[in-house]
1. With r as the distance between the Cβ atoms of B:Leu335 and A:Lys133 and R0 = 45 Å, compute the FRET efficiency 1/(1 + (r/R0)^6) and round to 0.05.
2. For the range B:30-47, what does the Karplus curve 6.51 cos²θ - 1.76 cosθ + 1.60, with θ = phi - 60°, yield as ³J(HN,Hα) per residue in whole Hz, taken in order and with x for Gly and Pro?
3. Provide the packing ranking of A:193-200, A:15-22, i.e. peptides ordered by the mean count of other C-beta atoms within 10 Å per residue, highest first.
4. In Å³ and rounded to a whole number, note down the convex hull volume per residue for the Cα atoms of the range B:246-352.
5. Length gain on complete extension for the stretch B:Ser124 to B:Thr261, per 0.36 nm per residue less the alpha carbon to alpha carbon distance?
6. So how do A:Thr216, A:Thr44, B:Thr273 rank on accessible area, 1.4 Å probe, biggest first, that is with the largest at the start?
7. P(r) for chain A, please, calculated from all Cα pair distances in 10 Å bins and given in %.
8. Write down, largest first, the equivalent ellipsoid semi-axes of the range B:291-345 in whole Å, where each equals the square root of 5 times an eigenvalue of the alpha-carbon gyration tensor.
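The values are calculated or read from the model by the stated rules, or taken from the named source; none is laboratory data. Bear in mind that the values here come from a model prediction, so they are computed numbers and not experimental data. A quick note on method: Cβ atoms are made from the backbone with ideal geometry, for glycine too, and the neighbour counts reach across all protein chains shown. Note: areas computed on protein heavy atoms with side chains; ligands, DNA, RNA excluded. Shrake-Rupley method; radii C 1.70, N 1.55, O 1.52, S 1.80 Å.
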Amino acid sequence: MLTTENLTYWYTEKDQYLFKDVNLAFEAGHSYAIVGQSGSGKTTMVSLLAGLDTPKAGRILIDGQDIKKHGLTNYRQSKVAIVFQAYNLFTYMSALENLMTAMAITKAKHRGDKTYARGMLTKLGLTDEQMTKNVQKLSGGQQQRVAIARTMVCDAPLVVADEPTGNLDEDNTTDVIALFNQIAHDAGKCVIIVTHEAAVAAQCDGVLRLAHRTFTWEKQPQAAVTA
Amino acid sequence: MNFAKRAWLNLIAKKGRTALLILVTSAIMLFVMAGLLIKSAANQATENAKDSIGATLTLSANREAAFKKMRENAASSDGQPSQPSEKPSLSMSPVKLSTAEKIAKLAGVESYSVAVSTSANAKSFDAISTSTGQMTGPMGNRGGESSGDITISGVSSTAANANFSDKTYVIKKGRGLTASDEGTNNVVIESELATENDLKVGDTITVKNTAKTKTYKLKVVGIYKAKSTASTTMGGGMMGGGDPSNTIFASYTFANTLKGTKYKDTADSVVFTVSTPSKVAGVKKAANKLISSKFSLTADDQSYQMVKASMSSVTSFADKIVWLVAIAGTIILALIVVLMIRERRFEIGILLSLGEKRAKVIAQFFVELFVILLVGVGIASAGGQFVGDKLAAQVVSSAQTTTTSSTNQPGGMPGGQGGPGGTQGASRTGAPSGMPGQASQKAQTKQAKLATQVTFKSVAILFGLGLAIILIAILAGAGGILRLNPKRILIG
């Protein structure tokens, strides 16, 4: 579903690349963890996969088509949903309004359907009262659930998460990873999670380690292909 | 239209910031509105002045021609055996009232007033004498005539006299003179003269002509009060006793009688009131065809010109207000928008990560400021008139000009001129006895009060300006958005 071809990235000096000629393939219906030391380039990789940045060389293909041809804005709008460590919700809105706004922007199939959005938030454990109050009044775990719910109401086949459990306690971490697996397995989406937590990675179907500028599969889900 | 909904949600959620923006925008709009209103009112006032402020044409003896003739006579007499005792004299013809009536019939002339000035000697009462007002030396005589201690200012009506119309003189008791007093010996005297001589309305006083050959009985029908400033402003024009209290207003017919039979149905000067300043030139051209070179017509549309000049200064000031506030407002709003965008970088990053187009992000800010602008324009429309009126009063007050000029006039000059509105009567007092002294002119600009009014047009202009201001502010402030990389905002 998502493949990289000779993906290369550096910041300023070409010979000081972060990674080079990376060829990976991610399949729908699986969850993947990218692990590695801080500063190794995990987040850069995930931002490239999410279309938030452009590679210096190589290309990223979704369903066989270069994401550049989609246009990064269109790609982010229709192909990928992103979850951040800091939740990145609209702080002047309620949980419900956050979902409705995301559905409107991404032109999701259920856009404008408040009942659908409510149902998704309920599914993720938010009460009616919680979903209508300002998101800043929710706990960290609840806000991350709202962020995950946002990815679920959008129709993007790819979900990318950057340290989604970084601000959560152990219980919430387990719940959130379970939700991501649910998205992958039940909704048939491709979920890629960047994490430095071994426990989180262990719950994913595939684990990819970035070390010494090289990606290595520690655990391969079915149909994953190494570079 | 999701950006519009987001804008609305943001405005509602961040009430403090919204209130602050409304306050700033309203203040900017209020001053722009005030500037627009003042400018509009100044233009209107100038237009109104064209119609409402009358201009005048003064018909009097042509002094230049008189001097020329005098010099010609002097030159021709040089060839004759010299007569040391004979000096060439300045002879100025009085204006015939029949000529004045012809001019008065011209299109554009609304009315005319007659002024005759002479002097007499008090008989049954005492003139007020002041040490500074003593007429001594050469100024007392003209052509062998002697000067009396009382100035007789012959008018067609006191109301038409500039001193009464500009409230320098005010009727305190009795009444002023009107056209019905023509041919009578009714007079209006000054209150100090009345007090000093214990005179009341209804009393009869007597004066003698300057040759002291005839005595005239005059009936006091009114007493006027001269402002204290009159002594300085009018002093130069006094011929009789020098003190303005010695000026007695009478019908011009009596003044002519006092001057002599040859002056019957004549006047020193006739002032024609022309309906609008724009018609002055036309009337003057037509009137010149009716008079000989012995007379001259002097146009006086100073009131209009002064109003026009001061309104032009007000308009210029209002223009500056509009531009300065608009530029300052744009800069202030742009800075606020820049700060607002910096504060909302994260929100922009989220929107971009969701795939929102940059144009729609800018559109969201535009909608937010548009709503604020609507409230600001509403407040400015409600309060603009109040601020405009206050500001206009201040501007008009500072633009008001007072011009004082002093001219040294040679002997024989028929008095000093009054002000921009044109004067007649008492102010032209020098004729018979000759006053070579100073004629002080004080011209007080008549200012049209600026009446600001909020109109649909002014609100529309304000709204258009406001729209331009927020557009520029947003483009300047949101320019950075176009360069923002969502990764840098959200992850970096």
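1. Result of the calculation: an efficiency of 0.85.
2. Per residue, the Karplus-derived 3J(HN,Hα) values read 4, 6, 5, 4, 4, x, 5, 5, 5, 4, 5, 5, 5, 4, 5, 5, 5, 4 Hz.
3. Details: A:193-200: 20.4, A:15-22: 15.9.
Final packing ranking: A:193-200, A:15-22.
4. Values: hull volume 23.9 nm³, N = 107.
For the range B:246-352, the hull spanned by Cα atoms encloses 224 Å³ per residue.
5. Net length gain for the segment: 46.9 nm.
6. Reading off the accessible areas and sorting them downward yields A:Thr216, B:Thr273, A:Thr44.
7. Reading upward from the zero bin: 8, 34, 36, 18, 4, 0.
8. 56, 6, 4
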